[in-house]
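Before any comments, here is the structure.
The values are calculated or read from the model by the stated rules, or taken from the named source; none is laboratory data. As the structure is a computational prediction, the values presented were derived from the model and not from experiment. Cβ sites come from the backbone with ideal geometry, for glycine too, and all protein chains shown count toward neighbours. Accessible surface is based on the protein model in full, side chains and every heavy atom, while ligands, DNA and RNA are left aside. Shrake-Rupley method; radii C 1.70, N 1.55, O 1.52, S 1.80 Å.
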Amino acid sequence: MNHFELFGLPVNFELDNASLAITYRELQRTLHPDNFANNSERERLLAVQKSSQVNDAYSILKSPIQRAEYILAVCHEDIRGEQQTLQDPMFLMQQMEQHERLEEIPHSADPEQEIADFDDELTLSIKAYLQEFNKLISAEHYNDAANVVRKLKFVCKLQTQLSTLEDSLLDY
């Protein structure tokens, strides 16, 4: 049973997060080990395993990147844990420019504004990649969808680095 089936959902990138959270709480309430306290040890163990599976599934489904990777894996295009480098010269050039921009922020006249502007750009980029992924996966273009996820992971990692820089520069 895949994670979508566990939550009674079709394999689809678009999810209603509120509905997902409600289903998660219902599943956890049903599978709570205390409900099986008087059952056999085997049944208690199965309840614990199922509860753990629900936790893992929820964690993956609520994260857009992990959900995208999971959908690719369900569609036999598993890129989880890979270390493959994209062979897209335009994207590689963009990566270099963005890393240079990140390194220059501490030396700018207004680092706080630079961080805010860069964060806005990265957020827009993430939204665009998520929309592109949704289109490609809906059209069953798995290889192209996998490349979008690879780009998305880079941008998200850069946004995390930006947040860390913000914390160190602005003393949060």
Just the residues that are within 32 Å of the chain's Cα centre (by Cα) and not in a helix (DSSP H, G or I), please, taken from region 32-49.
His32
Among the candidates Glu103, Glu97, residue that is under 20 Å from Ile126 (Cβ atoms), open to solvent by 50 Å² or more (accessible area, probe 1.4 Å) and without any contact (Cβ under 8 Å) to a residue 60 or more places away in the chain:
Glu97
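Here is a list: Ala68, Ala47. Which entry is modelled with pLDDT of 90 or more and surrounded by 14 or more Cβ atoms within 10 Å (Cβ to Cβ)?
Ala68
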Just one of the numbered conditions (1) within 21 Å of Gln131 (Cα to Cα); (2) more than 24 Å from the chain's Cα centre (by Cα) is not true of Ile71; which one?
(2)
Which ones in region 77-119 are closer than 21 Å to Ala146 by Cβ and either small (Gly, Ala, Ser) or not in a helix (DSSP H, G or I) (or both)?
Glu77, Asp78, Ile79, Arg80, Gly81, Glu82, Gln83, Gln84, Thr85, Leu86, Gln87, Asp88
Only unsatisfied item for Thr30, checking (1) more than 30 Å from Ser125 (Cβ to Cβ); (2) among the hydroxyl-bearing types (Ser, Thr, Tyr); (3) surrounded by 17 or more Cβ atoms within 10 Å (Cβ to Cβ), is (3)
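If you take the residues in region 1-15 that are part of a loop (DSSP other than H, G, I, E, B) and within 11 Å of Leu61 (Cβ to Cβ), which one is nearest to the chain's Cα centre (by Cα)?
Initially, region 1-15 is screened for residues part of a loop (DSSP other than H, G, I, E, B), giving 1-2, 7-15.
Now drop any that are not within 11 Å of Leu61 (Cβ to Cβ), which leaves 2, 7, 9, 11-13, 15.
On the way: Asn2: 17, Phe7: 18, Leu9: 18, Val11: 16, Asn12: 14, Phe13: 11, Leu15: 13 Å.
Here the answer is Phe13.
When residues of region 60-76 are filtered for being without any contact (Cβ under 8 Å) to a residue 12 or more places away in the chain and in a loop (DSSP other than H, G, I, E, B), how many remain? Reasoning before the result, please.
Of all residues in region 60-76, those without any contact (Cβ under 8 Å) to a residue 12 or more places away in the chain come to 63, 66, 73.
With the extra rule that they be in a loop (DSSP other than H, G, I, E, B), the set shrinks to 63.
Matching residues across region 60-76 total 1.
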Would you mind stating whether Thr85 is open to solvent by 80 Å² or more (accessible area, probe 1.4 Å) and modelled with pLDDT under 95?
yes
Count, please, the residues in region 131-152 that happen to be open to solvent by 70 Å² or more (accessible area, probe 1.4 Å), in contact (Cβ under 8 Å) with a residue 40 or more places away in the chain and of a type outside the set (Asp, Glu).
2
